Amino acid sequence: MEKFMRIALKEAFKGLEEDEVPIGAVVVKDGKVIAKAHNKRQKNKVATHHAEILAIEKACKKLGDWRLEDAEIFVTLEPCPMCAGAIANARIKKLVFGAFDRTGDNKNLLNDILTDKRLNHKVLVEGGVLEEECKNILTQFFKSKRKTPKN
């Protein structure tokens, strides 16, 4: 598991180099990486260009199907509601994330989205893999942003 999270961290560092919020995602199927991505919202000027969405799109294209059954996704930060919805809709079997997102009040939101009984697909969730490393890159990024004067 750590092996794939380290690949996601490499993607996050690519995003950091591009002045994006440093989040990386990797889609794995049968023990092999089939897609990886990092945030590109700033670069592409598209609100939905989160790492998870881009990695899912690449994986779907590679496999020629929107269903990513039996695939796992590794993400450096607990996914937002939009990305959690995309993960469920892509029928991904398991989500593994690094850092917990501490910005919201509802600490069960991710679980609520991915395991809601109204959905016909449930996603297994595991958080905290390489948590400190995943948290540190985000902390560094936001500290540097607070130090940079706004024009």
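The residue pairs whose first member lies in segment 36-58 and is closer than 12 Å to A90 by Cα and at pLDDT 95 or above, whose second member is surrounded by fewer than 24 Cβ atoms within 10 Å (Cβ to Cβ) and not hydrophobic (A, V, I, L, M, F, W, C), and whose beta carbons are closer than 7 Å, counting only pairs six or more residues apart or on different chains, are A55/K36.
In segment 47-69, the qualifying residues are those that are farther than 18 Å from G31 by Cα and open to solvent by 90 Å² or more (accessible area, probe 1.4 Å), and the one that is nearest to the chain's Cα centre (by Cα) is E57. L119 falls short on exactly one of the conditions (1) within 14 Å of the chain's Cα centre (by Cα); (2) in a loop (DSSP other than H, G, I, E, B); (3) among the aliphatic types (A, V, I, L, M), and that condition is (1).
May I ask you to verify whether L114 is among the hydrophobic types (A, V, I, L, M, F, W, C), on the phi < 0 side of the Ramachandran plot, in a helix (DSSP H, G or I) and open to solvent by 10 Å² or more (accessible area, probe 1.4 Å)? Walk me through how you get there before you give the answer.
Values: among the hydrophobic types (A, V, I, L, M, F, W, C): yes; on the phi < 0 side of the Ramachandran plot: yes; in a helix (DSSP H, G or I): yes; open to solvent by 10 Å² or more (accessible area, probe 1.4 Å): no.
It is false that L114 is among the hydrophobic types (A, V, I, L, M, F, W, C), on the phi < 0 side of the Ramachandran plot, in a helix (DSSP H, G or I) and open to solvent by 10 Å² or more (accessible area, probe 1.4 Å).
Restricting segment 1-28 to residues that are open to solvent by less than 10 Å² (accessible area, probe 1.4 Å) and free of Cβ contacts under 8 Å to residues at least 40 places away in the same chain, which is farthest from R146 (Cα to Cα)? By that ranking, first place goes to G15. Among all residues of segment 77-91, there is at least one that is in contact with an Asp or Glu (Cβ under 8 Å, 6 or more places away or on another chain), surrounded by fewer than 18 Cβ atoms within 10 Å (Cβ to Cβ) and under 22 Å from K29 (Cβ atoms).
The values are calculated or read from the model by the stated rules, or taken from the named source; none is laboratory data. Values in this document were obtained by computation on a predicted structure and should not be read as measured data. All Cβ positions, even for glycine, are placed from backbone atoms using ideal geometry, and neighbour counts span all protein chains on display. Keep in mind that these areas ignore ligands, DNA and RNA; they rest on the heavy atoms of the full protein, side chains included. Shrake-Rupley method; radii C 1.70, N 1.55, O 1.52, S 1.80 Å.
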